[in-house]
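Below: the structure, in structure tokens.
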Amino acid sequence: MKLGLFDLRPLLASTLQWEAMSGLEDLERRVHACEACALVKKRTNAVPGEGSPTADLMFVGEGPGFYEDRDGRPFVGPAGRFLEELLASIGLTRSDVYITNMVKCRPPNNRDPLPGEIEACRPFLDEQMETISPKVIVTLGRYSLEKFFPGELISRAHGSPRPWMNMTLYPIYHPAAALHNPKLRPTIMDDFSRLPSLVESATGRDTGPAAVTEETRQLDLFE
Ligand code: URA
């Protein structure tokens, strides 16, 4: 039976948004209380992630640095300023997307995260992906590429979208890499410029039953 009198979609969309928001708030509390690896000993603040709870586009970096550890927010240092510039180049702001990291606590002296630290933090990232259900996940740099496509080189993989589960995975260089090596700047800007069309096609595409989102499932309940 169709409920023809009212268009319930705005109501459902806001219900889903509310559910995702409260799911993420709960996750944030657990990240702040987490002691699953040794990074807890040196951290000032855990950095769960931030942005739209129903974002189509999710960015996954490596781990918090000095500024992120200080403020408890992802990508607020120099790499974050460049990420904001890249977002602005495609007409977006931080609040349009969701930004997080492989590990939620700063590795001391910005060293690379260890496999055990990545593994300890994995359930949080998996839960964020499940809750937000983005259409496109942008991996920033080699560590987040490794999660989805182990053993692949970022120098080869960047700029090539590929299907993963019911999403599109899009690896690009880490913004910090372009700050260290300015020759990478045009490459990362070019890769970024393809994002709007990727999101558009990911949003519109029919990828079969596995791609049925919570929103379509909820809408189906009224048919
Ligand atoms: N680099 C990252 O990978 N993540 C941040 O949050 C900041 C810098």
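Data table
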| item | result |
| --- | --- |
| Candidates Ala36, Ala46, Ala20 - the one that is more than 16 Å from the ligand (Cβ to nearest atom), over 22 Å from Pro134 (Cα atoms) and either buried (at least 17 other Cβ atoms within 10 Å of the Cβ) or of a type in the set (Gly, Ala, Ser) (or both) | Ala36 |
| Tally, over region 153-171, of residues that are in contact with a helix residue (DSSP H, G or I) (Cβ under 8 Å, 6 or more places away or on another chain) and in contact (Cβ under 8 Å) with a residue 12 or more places away in the chain | 13 |
| Flag if Ser22 is within 16 Å of Tyr98 (Cβ to Cβ), part of a helix (DSSP H, G or I) and of a type in the set (Ser, Thr, Tyr) | yes |
| Qualifying residue in region 111-126 (condition: among the β-branched types (Val, Ile, Thr) and under 11 Å from the mean Cα position of the chain (by Cα)) | no |
| Selection count, region 52-70, where residues are of a type in the set (Ser, Thr, Tyr) and more than 16 Å from the ligand (Cβ to nearest atom) | 2 |
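Values quoted throughout were computed directly from the atomic coordinates according to the rules given, and no laboratory measurement underlies them. Just so it is clear, the structure is predicted and the values come from calculations on it, not from any experiment. Virtual Cβ from ideal backbone geometry, glycine too; neighbours counted across all protein chains shown.
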